[in-house]
Amino acid sequence: MMHAEHPRLFFIGLFQPLGCIWPAAELQARLAARLITGVWKPPKDLRAAIDKELAHPDVRQLDTRATPSPSTIRRSGAGSSPRSRESADERTR
């Protein structure tokens, strides 16, 4: 959420969670507010901290590209349901 070369540039909520985005985005906003107000200081070498996290993440990410989300809307092709096949058969008679 923070850019190593631009200390006042934040990307809050720019991620794809498996659940609701709001709690995590709120935590990011709170961290940014603490940095802006001077309550929290980032690591001295933020680039190294970012590189370390990317190489060895604290959590294992799920690969959701292979499995569609349960909320994914799937559209069947024309004539794929028994009812639409019936209607198509009736129209061709």
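What follows is calculated from the coordinates using simple rules that are stated; it is not laboratory data. Small disclaimer: the values here were computed from a predicted structure and weren't measured. Note: ideal-geometry Cβ built from the backbone for every residue, glycine included; neighbour counts use all protein chains shown.
A few notes on this one:
- The packing ranking of peptides 54-62, 11-19, highest mean first, is 11-19, 54-62, where packing means the average number of other beta carbon atoms within 10 angstrom of each residue.
- FRET efficiency estimate (nearest 0.05) - Cβ-Cβ, LYS44 to ILE21, R0 35 angstrom: 0.70
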